[in-house]
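Quick notes on the structure that follows.
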Amino acid sequence: MSSTASSSLPPLACLFLIFLDLFSGGVCCSDWCVASNEAPDNVIQKELDWVCLYGSACNRIKPDQPCYEPSNLRGVASVAFNQYWQQVKHGGTNCNLSGAATLVHTDPSKSSGFSFKSLFITP
């Protein structure tokens with residue numbers, strides 16, 4: 001997979017579910033944990049596989065689910081990485097995932113620097 005992933009808009013249902021996930025429990029969104037543009041695809045895939053072992057972090061990106069976009073590795077990884085990190089950050093977990101992820105302070109839906117911006121919504 002190339003490092004410039006597709007940024008096609010996911011189904012409206014996906015955006016709605018991400019919105020609900022981000023706001024459940026009152027946690028949202030001054031920081032986002034997203035796939036690093038600097039990390040090679042194989043590192044992102046390895047960490048995505050690991051994150052998917054953690055609870056519900058990857059439920060929205062599985063086949064037959066609203067955010068399933070197999071051609072957009074960085075986009076789906078960013079959704080999963082952020083979901084995972086939002087759930088564990090209060091325990092002191094950082095957003096690095098062996099260099100596959102990075103913490104950003106700019107809403108990914110508004111940043112042209114992120115090829116996966118269409119997978120995020122503005123709170």
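A short reminder: the numbers here are calculations on the coordinates, not readings from a lab. Because the structure is a prediction, the values reported are computed rather than measured.
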**Q.** Hz values of 3J(HN,Hα) by residue in segment 68-74 - Karplus curve (6.51, -1.76, 1.60), Gly and Pro given as x
**A.** 6, 9, x, 8, 10, 4, 5
Q. Which value, in nm² and rounded to one decimal, describes the direction-averaged projected area of the C-alpha convex hull of segment 48-88?
A. 2.6 nm²
